[in-house]
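Here's the structure we're looking at; comments come further down.
Read the figures in this text as sums done on the coordinates, not as results from a lab. Computed from a prediction, not measured in an experiment: that's the story for all the values here. Cβ: placed from backbone, ideal geometry, glycine included. Neighbour counts: every protein chain shown.
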């Protein structure tokens, strides 16, 4: 096993944080007090933040040793029609630009919908758009990694294969691996064992490189699902997620990076995940 490690945290502000100082700065300080070292700004409705606020977030992250990322607005769709794409594009670009000001290194976004089309044809439309977004950011000196999230419903652009294809095609793009979504997407209870996770991680490393496994960006929670995939997030204890098998697979593949929790009580499950990871590492030392 390599010496890679994970930083654990939450997507959005934990419910247990004090009222003051509040906001993202308060969330970062509260996570640090829980010994959690990652925070994803949940700008999921819109990006409405001032540069001064971004600077305060950046400083709080640096002072607390908490790594910052951004979850961009939900209303981004690489497969949007011509009239809708400029608005979707602006949401992604705003999340990246303001996220960089806030000290974020990674920008997570939902890739969109197939709208009933074949995945291959949708990717032909999506990839040039994603490439143009990344190139503009790079040209403007915005140094962030764009992270298309693996999605939990089969109708959504964002299968494991989609995320890998986007990452292979565009430099500076790597997946956000939402393992709960990956488990829920088939709708049959599969992708939930050490063996299945190990195969997935092996494919990831083969196609994106071994170093990409050392900087994974992971979303994790319990999840309820049906035949069409994801229904809603659950606490880990209330779900069928094989968390131990997943953590073992991550450890054996030499993975590291960040694991952000999206359970209903995020910080509680984040602490549980961190403790489980540390216990596993001690056992393998």
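For the range 135-162, give me each residue that is surrounded by fewer than 20 Cβ atoms within 10 Å (Cβ to Cβ), in a helix (DSSP H, G or I), in contact (Cβ under 8 Å) with a residue 24 or more places away in the chain and more than 15 Å from the chain's Cα centre (by Cα).
Within the range 135-162, 136, 138, 161 meet the criteria.
Examine the range 77-86 for a residue that is without any contact (Cβ under 8 Å) to a residue 60 or more places away in the chain, part of a helix (DSSP H, G or I), over 19 Å from residue 167 (Cβ atoms) and out of contact with any strand residue (DSSP E or B) (no Cβ under 7 Å at 6 or more places or on another chain), and state whether such a residue exists.
yes
Cβ-Cβ distance below 8 Å, separation of 6 or more or different chains: which pairs start in the range 50-69 with a residue that is at positive phi and free of Cβ contacts under 8 Å to residues at least 40 places away in the same chain and end on one that is part of a helix (DSSP H, G or I) and surrounded by fewer than 20 Cβ atoms within 10 Å (Cβ to Cβ)?
Qualifying pairs under 8 Å: 65/32.
Somewhere in the range 61-73, is a residue out of contact with any strand residue (DSSP E or B) (no Cβ under 7 Å at 6 or more places or on another chain) and not in a helix (DSSP H, G or I)?
Narrowing the range 61-73 to residues out of contact with any strand residue (DSSP E or B) (no Cβ under 7 Å at 6 or more places or on another chain): 62-65, 73.
Filter once more, keeping what is not in a helix (DSSP H, G or I): 65, 73.
Yes, there is a match, as at least one residue in the range 61-73 is out of contact with any strand residue (DSSP E or B) (no Cβ under 7 Å at 6 or more places or on another chain) and not in a helix (DSSP H, G or I).
Can you go through 132, 104, 96, 88 and tell me which one is crowded, with 24+ Cβ neighbours inside 10 Å, closer than 20 Å to residue 175 by Cβ and out of contact with any helix residue (DSSP H, G or I) (no Cβ under 8 Å at 6 or more places or on another chain)?
Details: 132 fails: crowded, with 24+ Cβ neighbours inside 10 Å; 96 fails: out of contact with any helix residue (DSSP H, G or I) (no Cβ under 8 Å at 6 or more places or on another chain); 88 fails: crowded, with 24+ Cβ neighbours inside 10 Å.
Answer to the selection: 104.
Quick check on my filter: what residues within the range 187-218 are surrounded by fewer than 17 Cβ atoms within 10 Å (Cβ to Cβ), within 14 Å of residue 241 (Cβ to Cβ) and touching a strand residue (DSSP E or B) at 6+ places or on another chain (Cβ under 9 Å)?
Once the filter is applied, which keeps residues that are surrounded by fewer than 17 Cβ atoms within 10 Å (Cβ to Cβ), within 14 Å of residue 241 (Cβ to Cβ) and touching a strand residue (DSSP E or B) at 6+ places or on another chain (Cβ under 9 Å), the range 187-218 yields only 189.
Only residues that are more than 14 Å from residue 262 (Cα to Cα) and surrounded by 16 or more Cβ atoms within 10 Å (Cβ to Cβ): list them for the range 219-240, please.
We begin by selecting, within the range 219-240, every residue more than 14 Å from residue 262 (Cα to Cα); these are 225-229, 240.
Residues satisfying the conditions are 225, 229.
Which of the residues spanning the range 17-33 are part of a loop (DSSP other than H, G, I, E, B), surrounded by 12 or more Cβ atoms within 10 Å (Cβ to Cβ) and touching a residue at least 12 places away in the same chain (Cβ under 8 Å)?
Within the range 17-33, just 17 meets the criteria.
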